[in-house]
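This report concerns only the one structure given below.
The values are calculated or read from the model by the stated rules, or taken from the named source; none is laboratory data. All values derive from a computational prediction rather than experimental measurement. FYI the Cβ positions are ideal-geometry reconstructions off the backbone, even for glycines, and counts take in every protein chain you see.
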Amino acid sequence: MEKTQLAAVLSHLPDKPGVYLMKDANAQVIYVGKAINLKNRVRSYFQESRNHTPKVRVMVEQIITLETIITGTEMEALILESNLIKKHRPKYNIRLRDDKQYPYLRIDVQDAFSRVTIARQIKKDGARYFGPYTSSGAVYETLRLLKKIFPLRTCKRNIGEDRGRPCLNYHIKRCLAPCDRQVDEAAYRQMIREICLFLEGRQDKLMKKLRAKMLDASDRMAFEQAAKIRDQIQAIEKVIEKQNINIPAADDQDALGLARNHAGTCVQVFLVRSGKLIGREHFLLAGEEGAADREVLTGFIKQYYARAAFIPKEILLPLEIDEPDLIAAWLTERRGTKVHLQIPKRGVKRELVNMATENAREVLDGQTAQLQQQEAHSLGAVAELQQYLQLTKPPYRIECFDNSNIQGADAVSSMVVFEGGKPKKEDYRRYKIKTVQGANDFATMQEVVHRRYKDGKPPLPDLIIIDGGKGQLHAAREVLHGLNLAHIPTYGLAKEFELLFREEDPAPIALPRHSTALFLVQRIRDEAHRFAITYHRQLRRKRNLASLLDEIPGVGAKRRKALYEHFDTIDKIKRAPAEDLAKVPGISPALAAEIVAQLNKSD
């Protein structure tokens with residue numbers, strides 16, 4: 001869409017609440033925003049204003065097209081905005097860095113003998129979720145602690161299935177063996193309720209219940225049972241000892257701290273439950289450059305609490321945020337009872353916010369020091385490589401090529417790029433070989449090098465590495481000479497002894513063992529190999545699955561085409577459940593079930 005067409009769109013914007021998606025020339029969503037009045041808000045970006053930040057001015061220059069979605073209320077727009085940011089990860093939105101699906105602990109409370117499992121997203125399935133945890137290590141550590149304190153079921157055995165005897169976990173007091181009918185449903189459900197109390201941070205309430213159970217068991221002279229409960233109490237007391245901050249108020253609270261420096265932004269969340277500090281999580285943010293602190297904190301709150309399994313009654317903030325009333329109303333709707341946003345000025349709550357801020361600063365300082373160390377190491381390796389290869393300038397940009405095929409089938413090549421000693425994955429390229437038949441690595445390398453450099457478009461590399469030794473080096477250099485790019489230093493890397501060869505020089509270069517230059521070359525080579533192998537496996541798997549689809553009775557050319565048009569790729573067909581396959585025209589429920597069965601056999 002040209003700028004004149006964009007102007008036409010701007011003139012017909014709706015005068016209603018909703019969400020807007022701004023896109024660049026590649027139709028990539030670069031910003032998602034919400035507005036109570038789409039017409040006024042979106043037009044404001046394109047009006048001359050000295051109030052626009054440099055970030056907004058740069059973003060507006062890249063906008064080629066935009067899309068609006070009307071919502072019924074501003075609250076609906078807020079929710080939709082959060083979902084779209086999570087989906088598209090726009091370049092100019094404030095978002096959680098490395099925003100993967102953070103793990104949760106899941107308990108299916110509807111199951112009489114539930115297990116505690118790890119989930120990557122919250123579903124409306126009636127289960128209880130606890131989290132999110134910022135690392136898999138933290139969630140696994142919590143799970144290990146639960147197994148140590150509570151004898152919960154960990155196996156996937158069917159309850160009531162006759163196995164003859166319980167497993168080892170029962171004999172070492174780590175499981176109540178519901179699969180062998182060693183515990184009744186009511187007792188197991190009671191333990192699950194205790195686990196939920198523990199994960200909620202209600203240890204005081206849990207301890208009260210356990211002490212009552214211990215005394216009851218002792219009165220009944222069930223001393224072995226009383227001893228087990230005593231051990232549980234002692235284990236929980238050790239956990240409570242670590243929660244050495246006691247907040248006078250008994251309300252549930254989250255305290256947020258914000259820290260920023262030249263290297264990035266960190267938000268620390270302190271989790272206070274029933275007056276006890278039960279945990280803390282930190283989050284690094286992206287897309288926050290040039291944004292004010294209140295805008296950064298607002299963006300974090302929207303994303304974090306959109307996925308949080310629990311919303312506390314009170315959220316303590318270090319500073320003002322945008323639209324506090326709207327966000328408080330949204331959080332209240334999610335929690336079901338009133339949520340208060342508060343900026344404490346003094347007292348214990350202020351100390352808690354200050355402590356969260358200080359912890360955020362420490363995390364950020366540690367990240368900064370680590371990045372600086374990595375930067376120094378990477379640039380040091382580049383400088384070493386320049387020295388050992390006697391290059392006229394440091395090889396800041398290095399491109400490496402590798403081939404992959406099995407007896408000539410599904411031949412592919414990869415090109416990986418390192419800049420400043422670090423991978424630049426957005427510049428990686430993979431090539432499906434078009435002109436070479438059979439296994440001919442030399443011709444394959446020539447095709448790929450020609451396709452990469454035929455247009456001579458920048459950025460050109462400072463160094464080219466060909467994985468494969470003298471023969472493939474010679475093939476690549478022929479192409480470079482023909483393209484008038486022979487001035488680019490090019491080396492062949494022999495696989496066996498990791499020797500570097502250059503054109504018209506019979507003596508190889510052996511980089512010193514344990515040198516950072518050698519480690520850099522090895523890393524580049526391994527990355528090129530991994531990237532090529534991954535692509536080759538994808539093509540081979542796709543071909544095998546496509547062949548398998550052809551062999552399923554009842555799936556002819558017409559139905560196969562319908563499946564591809566509906567799902568786009570064979571991988572999506574393979575992952576689809578039978579009920580989704582049955583929605584495709586011409587695919588009956590019985591045929592859908594057969595497709596699922598046949599494709600699952602290929603695993």
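So I466 clears everything in (1) buried (at least 21 other Cβ atoms within 10 Å of the Cβ); (2) of a type outside the set (S, T, N, Q); (3) free of Cβ contacts under 8 Å to residues at least 24 places away in the same chain except one condition, right? Which one?
Single failed check for I466: (3).
With respect to G18, determine if the residue is assigned by TED's automatic domain parsing to the domain that holds K87, out of contact with any Ser or Thr (no Cβ under 9 Å at 6 or more places or on another chain) and in contact (Cβ under 8 Å) with a residue 24 or more places away in the chain. If you could, list the steps in order and put the result at the bottom.
Numbers: assigned by TED's automatic domain parsing to the domain that holds K87: yes; out of contact with any Ser or Thr (no Cβ under 9 Å at 6 or more places or on another chain): no; in contact (Cβ under 8 Å) with a residue 24 or more places away in the chain: yes.
So G18 does not fit the description; no.
Quick one: A177 ticks every box in (1) in contact (Cβ under 8 Å) with a residue 60 or more places away in the chain; (2) surrounded by 15 or more Cβ atoms within 10 Å (Cβ to Cβ) except a single one, so which number is it?
(1)
Residues in the stretch 516-532: is at least one polar (S, T, N, Q) and at pLDDT below 90?
no
Give the stretch 279-312 a look and list any residue that's surrounded by fewer than 21 Cβ atoms within 10 Å (Cβ to Cβ) and in a strand (DSSP E or B), or say none.
Within the stretch 279-312, G279, R280, E281, H282, L284, A286 meet the criteria.
Within the stretch 322-330, identify whether any single residue is farther than 30 Å from A127 by Cβ, in contact with a helix residue (DSSP H, G or I) (Cβ under 8 Å, 6 or more places away or on another chain), of a type outside the set (V, I, T) and at pLDDT 95 or above, and answer yes or no.
No: zero hits.
For the stretch 302-323, which residues satisfy the criterion of being among the aliphatic types (A, V, I, L, M) and within 15 Å of T357 (Cα to Cα)?
Across the stretch 302-323, the qualifying residues are I315, L316, L317, L319.
Working carefully through the options R57, R43, R115, R89, find the one that is surrounded by fewer than 17 Cβ atoms within 10 Å (Cβ to Cβ), outside the structural domain of A127 (by TED's automatic domain parsing), touching an Asp or Glu at 6+ places or on another chain (Cβ under 9 Å) and modelled with pLDDT under 90.
R89
Which of the following residues is among the β-branched types (V, I, T) and within 30 Å of C155 (Cα to Cα): T117, T65, T53?
T117
How many residues, within the stretch 94-121, are assigned to a loop (DSSP other than H, G, I, E, B) and touching a Phe, Trp or Tyr at 6+ places or on another chain (Cβ under 6 Å)?
Residues flagged as assigned to a loop (DSSP other than H, G, I, E, B) and touching a Phe, Trp or Tyr at 6+ places or on another chain (Cβ under 6 Å) within the stretch 94-121 amount to 2.
Name every residue in the stretch 123-150 that is modelled with pLDDT under 85, surrounded by 16 or more Cβ atoms within 10 Å (Cβ to Cβ) and part of a loop (DSSP other than H, G, I, E, B), in order of residue number.
G131, P132, Y133, T134, F150
I'm told A27 meets every condition in (1) at positive phi; (2) in contact with a helix residue (DSSP H, G or I) (Cβ under 9 Å, 6 or more places away or on another chain) except one. Can you identify the failing condition by its number?
(2)
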